Amino acid sequence: MSVSETYYPSEPTAPVVKTSVIPGPESKKQTEELSTVFDTRPVYFVADYEKSNGNYIADVDGNVYLDVYAQIASIALGYNNPALIEAAKSPEMIRALVERPALGNFPGKDFKQILDNILKVAPKGQDKIWSGLSGADANELAFKAAFMHYQAKKRGYGTSFSEEEETTTMLNQSPGSPELAILSFKRAFHGRLFASASATCSKPIHKIDLPSFKWPKAEYPDYKYPLDDNAEYNDAEDKRCLAIVEDILTNWHAPIAAIIIEPIQSEGGDNHGSAAFFQGLRDLTLKYGSLLIIDEVQTGVGATGTMWAHEHFNLSPAPDMVTFSKKFQSAGYFFHDPELVPNYSYRQFNTWCGDPARMIIAGAIAKEVVDKNLIANAKEVGDYLFGKLEELSKKYPTELSRLRGKGRATFIAWDASSSEARNSFLAKMKLNGVNVGGCADHSIRLRPTLTFGKKHADILVATIDKVLSQN
């Protein structure tokens, strides 16, 4: 019996499409009603979550889609997962919801266990956690930790602030508010808040009109595929990009407190970096005294065939911080250096300091991933699916080009011939009962749950074949 059959004995066996257009009439009606109080312009359809099951999402028109987008990569186990429903009914969850604590001042007696449940699957080398509220928030909290750590190193970790620092920071001036920078990469996405948007560089719409920090952007490798056929070119590309990073670290007008990078640039087009590139990057951070922040918001929690995507690279030493959200249904960053805890309390602080209700769910997800061996399932199914897509790419080389994600479980993507062709493909896939997402200008990305099986892969591939054959 497959994992999905164990969890979801009544999961649909195939998509069902009842309307001739998507969104259907009831979705349109409810979207219009919602639009009076909420910006509904990005809405694809209105979901019926009570009727969604496993790897299938239902809408209010009765359409049932095989979902390989999974709430923008944030559903780990599938819809209406019984283990998560039980966690939601627990006494700990009731307390977390009804008496939501200000964790920094009044942590509950169960909070240590809640964190320990998450730390059981922490990235290798990490044994501490700071919790946040979203992926962008997690990254901004990591930036704060990096800046405070950089300054603490300069003055001495146990050294008090000078009177000049305390006076000038109230005026937003140096030295109390120093000019420091975060180095990120072109095509990166780290969120849409002020600091995270300054590190983001994927689409103008993510940050236009926002004042920004003038932080540098290096180049992320742009590989040729298949990787095995282009090893020499891709190796040179790694070296070219690392040289750009070193030049910025050496010559930028302000100190680089940290580098932030995604193991796979997800919103920016599912761009991959090699183990050699990432180890080279780690070596540069050590050489120049910058921290390394790995943004695992989209890649984390088993989606690439390891619990954390950067674990494919076996980095030595471990990154300084690893941010998370999405599939964990919670957010924050892992770390290991005690001096990343600011030298005074109330510096890394807010009212909630995270959400214990979401952390309880994160712990429950972690337990299911381990107990059900879901990463092995994702690897097996991903290899199977990639092989099917490789064959299909020979049939449709223009609309299924630069297929990437081999050896990265179900974290797979490819390029269409244009943004118009990509958008048309996504719309036709929905009309054929498959919900799939895009990224960058003309890429298609797959983000199924960890319970996605070979039977789902067969439906997906058959639907892709059908849609592309109509071009």
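The values are calculated or read from the model by the stated rules, or taken from the named source; none is laboratory data. As the structure is a computational prediction, the values presented were derived from the model and not from experiment. As a convention, Cβ positions derive from the backbone with ideal geometry for all residues, glycine included, and neighbour counts pool all protein chains shown. In case anyone asks, the SASA skips ligands and DNA or RNA and just uses the protein heavy atoms, side chains included. Shrake-Rupley method; radii C 1.70, N 1.55, O 1.52, S 1.80 Å.
Set side by side, the residues P255, P211, P221, P204 differ, and just one is surrounded by 15 or more Cβ atoms within 10 Å (Cβ to Cβ), of a type outside the set (G, A, S) and more than 27 Å from E311 (Cβ to Cβ), which is P255.
For segment 373-386, the condition holds for no residue, the condition being that it is of a type outside the set (D, E), open to solvent by 60 Å² or more (accessible area, probe 1.4 Å) and within 17 Å of the chain's Cα centre (by Cα). Of the residues that make up segment 6-22, is at least one β-branched (V, I, T), assigned by TED's automatic domain parsing to the domain that holds T449, crowded, with 21+ Cβ neighbours inside 10 Å and under 25 Å from V369 (Cα atoms)? No, the conditions are met nowhere in segment 6-22.
From the list A102, A73, exactly one residue is in contact (Cβ under 8 Å) with a residue 60 or more places away in the chain and exposed (fewer than 13 other Cβ atoms within 10 Å of the Cβ). Which is it?
Among A102, A73, only A102 is in contact (Cβ under 8 Å) with a residue 60 or more places away in the chain and exposed (fewer than 13 other Cβ atoms within 10 Å of the Cβ).
Table: residues versus (1) surrounded by fewer than 16 Cβ atoms within 10 Å (Cβ to Cβ); (2) of a type in the set (D, E); (3) over 34 Å from the mean Cα position of the chain (by Cα).
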site: G158; (1), (2), (3): yes, no, yes
site: F161; (1), (2), (3): yes, no, yes
site: T168; (1), (2), (3): no, no, yes
site: P175; (1), (2), (3): no, no, yes
site: P178; (1), (2), (3): no, no, no
site: A181; (1), (2), (3): no, no, no
site: F185; (1), (2), (3): no, no, no
site: F189; (1), (2), (3): no, no, no
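Which residues, taken from segment 416-449, are under 21 Å from A76 (Cα atoms) and among the hydroxyl-bearing types (S, T, Y)? Once the filter is applied, which keeps residues that are under 21 Å from A76 (Cα atoms) and among the hydroxyl-bearing types (S, T, Y), segment 416-449 yields only T449. None of T410, T398, T463 is hydroxyl-bearing (S, T, Y), in contact with a strand residue (DSSP E or B) (Cβ under 7 Å, 6 or more places away or on another chain) and farther than 15 Å from G269 by Cβ except T463. All conditions but one from (1) part of a loop (DSSP other than H, G, I, E, B); (2) of a type outside the set (K, R); (3) surrounded by fewer than 19 Cβ atoms within 10 Å (Cβ to Cβ); (4) modelled with pLDDT of 95 or more apply to P123; the one that does not is (3).
It is to be established whether one or more residues within segment 441-463 are open to solvent by less than 40 Å² (accessible area, probe 1.4 Å), of a type in the set (D, E) and modelled with pLDDT of 95 or more. The answer is no, given that none of the residues of segment 441-463 is open to solvent by less than 40 Å² (accessible area, probe 1.4 Å), of a type in the set (D, E) and modelled with pLDDT of 95 or more. Being open to solvent by 30 Å² or more (accessible area, probe 1.4 Å) and either closer than 26 Å to I22 by Cβ or in a loop (DSSP other than H, G, I, E, B) (or both) is the requirement here; does A409 meet it? No.
Candidates in segment 189-245 are the residues that are of a type in the set (S, T, N, Q) and touching a residue at least 12 places away in the same chain (Cβ under 8 Å); of these, the one that is farthest from G269 (Cα to Cα) is S212. Pick from segment 412-440 the residues that are open to solvent by 20 Å² or more (accessible area, probe 1.4 Å) and in contact with a Ser or Thr (Cβ under 6 Å, 6 or more places away or on another chain): which of them is nearest to Q71 (Cα to Cα)? Result: N432. Restricting attention to segment 295-318, the residues that are touching a residue at least 60 places away in the same chain (Cβ under 8 Å) and under 25 Å from I361 (Cβ atoms) add up to 16.
Output yes when any residue across segment 30-46 is within 25 Å of the chain's Cα centre (by Cα), open to solvent by less than 70 Å² (accessible area, probe 1.4 Å) and among the small types (G, A, S), and no when none is. No. Put simply, of K395, K466 the only residue that is open to solvent by 20 Å² or more (accessible area, probe 1.4 Å) and in contact with a helix residue (DSSP H, G or I) (Cβ under 8 Å, 6 or more places away or on another chain) is K395.
Exactly one residue out of A83, A88 is open to solvent by less than 70 Å² (accessible area, probe 1.4 Å) and more than 28 Å from E380 (Cα to Cα): that is A88.
None of G289, G280, G354 is open to solvent by less than 10 Å² (accessible area, probe 1.4 Å) and small (G, A, S) except G354. In summary, N53 fulfils each of the numbered conditions (1) within 21 Å of I459 (Cα to Cα); (2) exposed (fewer than 14 other Cβ atoms within 10 Å of the Cβ) with the single exception of condition (2). In segment 258-270, the count of residues that are buried (at least 22 other Cβ atoms within 10 Å of the Cβ), within 12 Å of the chain's Cα centre (by Cα) and over 28 Å from N230 (Cβ atoms) is zero.
For first residues located in segment 423-442 and at positive phi and in the same structural domain as I22 (by TED's automatic domain parsing), partners that are assigned to a helix (DSSP H, G or I) and open to solvent by less than 20 Å² (accessible area, probe 1.4 Å) and lie 6+ apart or on another chain with Cβ distances below 8 Å form the pairs G433/T463.
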